[in-house]
Structures are given as structure tokens and as C-alpha cells.
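Report on one structure; see the data block that follows.
A short reminder: the numbers here are calculations on the coordinates, not readings from a lab. Just so you know, these numbers come straight off a predicted model, no measurement behind them. Ideal geometry is used to build each Cβ from the backbone, glycine not excepted, and the neighbour counts take in all protein chains shown.
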Amino acid sequence: MAGKYPEIFVLRHGETEWNLAGRHQGRMDSPLTDLGQMQAATQGEILRAQNVVERGFQVVSSPQGRAQQTADIACGVLGCGHTPDARLCEIAFGEWESLTYDEIAKGWPEHTKTADTDIFDWHFNAPGGEAYEVVRARAEAFLDGLTGPSVVVTHGITSRVMRGVWMGHGWNATAGLPGGQGCVYHLRDGEHSRLGA
């Protein structure tokens, strides 16, 4: 339930080459674009304005390359380090990893019928991919293990699920949470706000 967990700031990694190409990364990876690097620096500036280092926040990041690159840049602005945690990895997309939406629609047309009406749900239907319950359990385990305020560098779907857990949301409210790159989500005292673009 809301209020159970410490204050956190949640970052999604900056734009990657595969984001730009519309390819699903999941557990695969691609480097940040120039824009993605600028987004990570902006996130660092947002966090610096929140005095996270002075306030004793730890920085924890997904070990995946794009998240590590984002954390490196943001922490460079902050003048601090970060620690990897595998529970912050992105959802595994199974057979859909590295594919565009059009390629998925061609190969698995039965799985793309609801994508336009429920894109959040669609992400959990990849053959060989992770189910919502598995991603949620990872997010809960991570949050349950926090001992103090934290900055969390993660991925689009994992971020949304984690913020839903932190807020005590069910499926529908979690699915309705906003995404985006280059911004920072701040969760404190049961409240959820977006900082930056």
C-alpha cells in the first residue's frame, strides 16, 4: 500500500538506438543516442536540484547497458556512484526481442489484435517472455529490500510496474501510469509526481 516504502526517484534510461528504430529491447541492449545522453544528463540535473546526494539517497540501477550508461551520466552530474541490481532489469520479451512492432504483427498476428486498445497488457503476451506477475514480484522484492531513500534507474515497463507497486495500485491504475524518457518520477508520502519534460 502507499506509504509502505521509502521516498524514491525513478528514472527510465535515455533514448537508445533501438528505441529510435522501434525495436523491442527487453533483455537485449543498444547504446544511448546523442539525445539519450542529453536526457540522462538532464535527469542528473533534476536530481541535483533535489539534493539527493546531500540527503543520503543511494542510487541503484538495472545492470543492463542502457541503464548503466544512463546511471553513469546522471551520477556524473551528481558526483556519486551507483550499484547494480538485477531485479531492475526490463521485462523479458522472449521471441519478440530485437523485433519491430510490424515484424511482430507479421509473425504473431493473433497477439497484436489488442495492442491498439491495451498496449500495457500487450507487452506481457510475448512468447517466452515474462508475465506481469513475475515483473511485479521482482519490483516488490526490490522495494521490500530498500532501507532508505533511493534513486532507481530502470526501464519503461519495469518503471511502470514498480511505481504501481509503490503506490499500491492494481492492474488498471498501474497500466494508466505515464511513461517517458528524460524525466524523473518522484514518489513520496503516497504521492506520485513527474519532474522535467
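Quick notes on this structure:
- Scalar couplings 3J(HN,Hα) for segment 175-192, obtained by applying the Karplus form with A = 6.51, B = -1.76, C = 1.60 to θ = phi - 60°, are 4, x, 5, x, x, x, 10, x, 10, 10, 9, 10, 10, 7, 6, x, 10, 10 Hz; x denotes Gly and Pro.
- If only the Cβ of Lys and Arg carry +1 and only the Cβ of Asp and Glu carry -1, the dipole of segment 8-195 around its Cα centre is close to 400 debye.
- Local electrostatic count at Y185 - Lys and Arg +1, Asp and Glu -1, tallied over other residues with Cβ under 10 Å: +4
- Computed from Cα atoms, the angle from the helix 156-167 axis to the main principal axis of the chain rounds to 60 degrees.
- In degrees, nearest ten, helix 65-78 long axis to first principal axis of the chain (Cα): 20
- For the listed peptides 64-74, 127-137, 22-32, 36-46, a ranking on the average number of other beta carbons within 10 Å per residue, highest first, reads 64-74, 36-46, 22-32, 127-137.
- Candidates T33, Q50, M162 compared by Cα position along the dipole of the chain: farthest toward the positive end lies Q50, with charges placed on Cβ.
- For segment 32-48, Karplus couplings with θ = phi - 60° (6.51, -1.76, 1.60), whole Hz, Gly/Pro x: 5, 6, 4, 5, x, 5, 5, 4, 5, 5, 4, 4, x, 5, 4, 5, 4
- Rounded to the nearest angstrom and listed largest first, the equivalent-ellipsoid semi-axes of the chain from its Cα gyration tensor are 27, 20, 14.
- For the chain, calculated [θ]222 nm from helices alone, where every DSSP H run of n ≥ 4 adds -39500 (n - 2.57): -11000 deg cm²/dmol
- In degrees, nearest ten, helix 132-144 long axis to first principal axis of the chain (Cα): 10
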